[in-house]
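Input: a single structure, listed below in structure tokens.
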């Protein structure tokens, strides 16, 4: 707390917390107020409380490329920096429920989301997961992605394989899971000085049926491909039009079977680059759709 009519020079942050760096002082605890950097002079016109702002550092460089990296961004952090090394990792970043905007900076990050689980007998395959997910609890909360470094590339998880038929007398297999989005958020702005590629995950393979000539069972259909950028409000504002944001719809999963004996199932539909109902602004002319 600072008394009114004082002129202060803002101090440093004191002891750092592991995996965090200090981001300055803010007049609001959630980071939505005025930000002041260390060493700046601040004229206080009324009694004021300044809140320390922390930046979460997520470094995936050199971590296991064969196991999933799971990270959660807590609601008291207003910025996270994810640093990669242009190797591809399996990564799932979940944003805790929050009321304030969030900024995530990507530096040379290449990552795939969590794959869906294979369906048990009589069940569809599980859906693939996004690399970055704001979740439905954060509807209305803005997310800003800043792309830096060389190139950032995120691909949603692959849908799980559909389950086998649950009958031994000739039944249909179950559909594969839907591929995950690269990023899922309600409101998103993508900015930065490096290109970024967002790809929907591939749909899961259809499950095994029992194509009995008597009962006519078929194999399961492939799962649908994932949406590249699953958001209702999208703004693209890169540093220049030559820096591209590429949105690639996920491929549908393969159906199973052989058309020669009429048990072949259909492949899943290709996904979308973004929801058809979404609001979109490409301020920098950078968006490419595949």
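Worth pointing out:
- Taking 0.36 nm per residue of separation and subtracting the Cα-Cα distance, full extension of the segment from residue 290 to residue 72 would add 75.5 nm.
- When peptides 34-40, 81-87 are ranked by their average number of other Cβ atoms within 10 Å per residue, the highest-first order is 81-87, 34-40.
- Shape metrics for segment 120-168, restricted to C-alpha atoms - Rg then Dmax, Å: 17.2, 55
- Normalised contact order of segment 136-187, rounded percent, pairs of Cα under 8 Å and 6 or more residues apart: 47
- Antiparallel %, DSSP beta bridges [both residues in the chain], to 5: 15
- Segment residue 100..residue 48, full-extension length gain: 16.7 nm, with 0.36 nm per residue of separation and the alpha-carbon distance subtracted.
- Ellipsoid equivalent to segment 55-169 - semi-axes via the Cα gyration tensor, in Å: 30, 18, 10
- For the chain, built as a Gaussian network whose Cα springs stay under 10 Å, the top-fluctuating residue of 113, 200, 173: 173
- Each residue in 205, 251 was given a count of other beta-carbon atoms within 10 angstrom of its own, and listing them fewest first yields 251, 205.
- Residues of segment 170-198 with an amide N closer than 20 Å to a point placed 7 Å from the Cα of residue 117 along the Cα-to-Cβ direction: 174-181.
- Here the convex hull built on the C-alpha positions of segment 79-118 has a volume of 68 cubic angstrom per residue.
- Spacing of the two label points (7 Å from each Cα toward its C-beta) at residue 19 and residue 88, in nm: 2.6
- Square roots of 5 times each gyration tensor eigenvalue, C-alpha, the chain, largest first, Å: 46, 19, 16
- With 10 Å bins from 0: P(r) over segment 179-249, alpha-carbon pairs, percent: 19, 33, 20, 13, 10, 5, 0
- Gain on full stretching of the segment that runs from residue 166 to residue 30 - 0.36 nm per residue minus C-alpha separation: 43.8 nm
- Cβ-Cβ distance of residue 37 and residue 242, R₀ of 30 Å, FRET efficiency by 1/(1 + (r/R0)^6): the value works out to about 0.45.
- Relative contact order of the chain, defined on C-alpha pairs under 8 angstrom at six or more residues apart (%): 12
- Peptide packing: for 88-98, 275-285, the average count of neighbouring Cβ atoms within 10 Å per residue gives the ranking 88-98, 275-285, highest mean first.
Every number here is computed from the coordinates shown, using simple stated rules; none is lab data. As the structure is a prediction and not an experimental result, all values here were calculated from the model. We place every Cβ from the backbone using ideal geometry, glycine too, and count neighbours over all the protein chains shown.
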